[in-house]
Amino acid sequence: MEKALGGEKRVSRLKHYSSDQKILIVGDGDGDFSFSLALAMAFGSGTNLLATSLDTYVALTIKYRNAESNIMELKRLGGTVLQGVDVKTMKFHTELKNRRFDRIVFNFPHSGFKGRETELHVINSHKELVAGFFSNECHLLRHCGEIHVSHKTGHPYDRWDLEHLASQSSLVLIEKVGFHKEDYPGYNQKRGDGIKCDEPFNLDPCCTFNCDESNGVKFSQKFVRLIYF
């Protein structure tokens, strides 16, 4: 929370995020909005946060037992919540097309359970989702802003080749850092699909790919931080 201290404002931080950044959180990895709420609680305010989901409000309340209460608390803290937003077309969304963000976060992109994760058509479906996300979000990103994507590593997830997908939208990898769920108190990752949609999925040991922003600026005005698990 920002507080006046001798005429100055104090900026609250939680890992890569701060209360003075405009932050857009998208995707079903934050299905019940627990990640967004974790940031708002840490900042003492959600006025700098805009969280979206592909699901409608009714679908969210059916799929996730804590979705309604999380949304209510996030709004109480000043956050903005939008439902029914497709990451592959969101640059045209009425509430988003004229906004720009310092940080855009997509936790665990996943196109749905359409077969085994090792099957080529499933991998291609995931890649199509992430490519569409990158091509949209680069239009919503401020100069020197960052896109953060959390993602598992190892087989078959490495076959998504997120770095290449990012490069297709003129995004440059800038850094590699660790990510730990416990850094975001209250965050609960969700499967987001099927009869077990409200259950968590396994998080393996993780790392985050980054490069120094001052180096990245030589190549592009846009940056991407890929958070891998």
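For the range 107-133, a residue qualifies if it is on the phi > 0 side of the Ramachandran plot and open to solvent by less than 30 Å² (accessible area, probe 1.4 Å), and the qualifying residues are PHE108, GLY112. Specify the residue that is nearest to ASP20 (Cα to Cα); the eligible residues are those in the range 102-119 that are free of Cβ contacts under 8 Å to residues at least 40 places away in the same chain and in contact with a helix residue (DSSP H, G or I) (Cβ under 9 Å, 6 or more places away or on another chain). Step by step, filter the range 102-119, then rank; the result is SER111.
Against the numbered list (1) under 20 Å from LEU24 (Cβ atoms); (2) among the hydrophobic types (A, V, I, L, M, F, W, C); (3) touching an Asp or Glu at 6+ places or on another chain (Cβ under 8 Å), ILE123 comes up short only at (1). Scanning the range 74-119 for residues that are closer than 20 Å to GLY145 by Cβ, in a strand (DSSP E or B) and not polar (S, T, N, Q) yields a total of 7. Screening ASN210 on (1) at pLDDT 80 or above; (2) under 17 Å from the mean Cα position of the chain (by Cα) shows it passes everything except condition (1). One residue stands out among those in the range 126-171 that are of a type outside the set (D, E, K, R) and touching an Asp or Glu at 6+ places or on another chain (Cβ under 6 Å): the one that is nearest to PHE35 (Cα to Cα), which is ILE147. Of all residues in the range 70-94, those satisfying the criterion of being open to solvent by 90 Å² or more (accessible area, probe 1.4 Å) and not β-branched (Val, Ile, Thr) are MET72, LYS75, ARG76, PHE92. Kindly provide the set of residues from the range 39-48 that are closer than 22 Å to VAL87 by Cα and open to solvent by 90 Å² or more (accessible area, probe 1.4 Å), ordered by number. THR47 - this is the single residue of the range 39-48 that is closer than 22 Å to VAL87 by Cα and open to solvent by 90 Å² or more (accessible area, probe 1.4 Å).
Identify, please: which residue in the range 49-65 is without any contact (Cβ under 8 Å) to a residue 40 or more places away in the chain and part of a loop (DSSP other than H, G, I, E, B) and is, among those, surrounded by the fewest Cβ atoms within 10 Å (Cβ to Cβ)? Among residues in the range 49-65 that are without any contact (Cβ under 8 Å) to a residue 40 or more places away in the chain and part of a loop (DSSP other than H, G, I, E, B), the one surrounded by the fewest Cβ atoms within 10 Å (Cβ to Cβ) is THR56. Summed over the range 9-35, residues that are assigned to a strand (DSSP E or B), over 14 Å from the mean Cα position of the chain (by Cα) and either closer than 16 Å to VAL81 by Cβ or at pLDDT 85 or above (or both) total 3.
The values are calculated or read from the model by the stated rules, or taken from the named source; none is laboratory data. The shown structure was predicted, so the numbers you read here are calculated from the model rather than taken from an experiment. Note that each Cβ is placed from the backbone with ideal geometry, even for glycine, and that neighbours are counted across all protein chains shown. To get the accessible areas, we keep the full protein, side chains included, count just its heavy atoms, and leave off ligands, DNA and RNA. Shrake-Rupley method; radii C 1.70, N 1.55, O 1.52, S 1.80 Å.
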